[in-house]
1. Which residues among segment 155-192 fall inside the zone where the amide N is under 20 Å from a point 7 Å beyond the Cα of T147, along Cα→Cβ?
2. List every residue whose amide H lies under 5 Å from the amide H of V59, counting only residues 5 or more places away in sequence or on a different chain, with H placed 1.01 Å from N in the peptide plane.
3. Select from L50, L223, L148 the residue whose mean-square fluctuation is largest in a Gaussian network model of the chain (Cα-Cα springs shorter than 10 Å).
4. Considering only DSSP states other than H, G, I, E and B, which GluC sites (Glu not before Pro) in segment 42-146 qualify as loop sites with at most 12 other Cβ atoms within 10 Å?
5. Which of I217, I142, I110 moves the most in a Gaussian network model of the chain with Cα springs under 10 Å?
6. At a Förster radius of 25 Å, what calculated FRET efficiency corresponds to the Cβ-Cβ distance of L35 and V101, to the nearest 0.05?
7. Can you give the helix-only mean residue ellipticity at 222 nm for the chain, where every DSSP H stretch with n ≥ 4 adds -39500 (n - 2.57) and the sum goes over all residues, rounded to the nearest 500 deg cm²/dmol?
8. Given the options D222, D94, D136, state which has the largest fluctuation in a GNM of the chain using a 10 Å cut-off (strictly under) for Cα springs.
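Laboratory data are not the source of any read-out in this text; all were calculated from the coordinates shown. Since we're looking at a predicted model, the values are computed, not measured. Cβ coordinates were reconstructed from backbone atoms using ideal geometry, including for glycine residues, and neighbour counts include every protein chain displayed.
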Amino acid sequence: MTAATRGGAVWVIVAAAGDSRRMGLPDGESKQFLLLGGEPVLSHSIRRLLEMPEVGGLVVVLHPSHTVRFADELFCFDDAKPLLIAEGGRRRSDSVRAGLVVVPSDAEIIAVHDGARPLFSRRVFGRCLEALASVDGAVPGIEVSDTLKRCDAGGVVETTVSRERLWAVQTPQVFRAAALRDVYRRGDLAATDDAALLERAGYKVVVVPSTPANVKITTPADLPLAGALLSWEAEADV
């Protein structure tokens, strides 16, 4: 652990304001509140983060219609560390920006995590923090092993894409706070993750090898998979 990560210098923005369209849920419902192992998906992410000694506090960014609902869940967590709520926006970047407003100005490192990734690896998170000794951002990822093909709108293959040096990245993504705040001040926020914003601005970002168990719950099939992985975790801490 570096000196910068001691004493709770790390704050985490948990992005949980998505509309969950691919889950096929009724209007107003969110995958974040589906039950996994008897408690909401989001609660797993929050509890795991709060238990990490490096983490000083969390900002959970929710859809405006869910803030009151989640406030009832706050009583389930230890109040030894700050757990704050912010209202998200239409885009992911809007939600992260809302979280940045709430994160204390003296935070040295800010991580951004998908609330729908309840099984991230604590060990990989720690390695990402260690990597910040020499870079501006570090993201967990796994090397692409499947053959990749680019297709047209009708599904006809146009070309096979080389998978050499390709990585599928995950969260939590960790950044030097000054760098993350800088790219959000610049205003060009069209990207699918925050690492891409730093890359475009010329900051150095590295990928830290992770585990496929860090699944993101996106479709109905992902929930039973996460349940099986949660049971496996009882015997193998990842």
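1. Inside the label zone: 155-168.
2. The list, which skips near neighbours in sequence, is V12, I13, V14, L84.
3. It is L148.
4. E51
5. Most flexible of the set in this elastic network: I142.
6. 0.20
7. Value at 222 nm, helices only, nearest 500: -8000 deg cm²/dmol.
8. Its mean-square fluctuation being the largest, the pick is D222.
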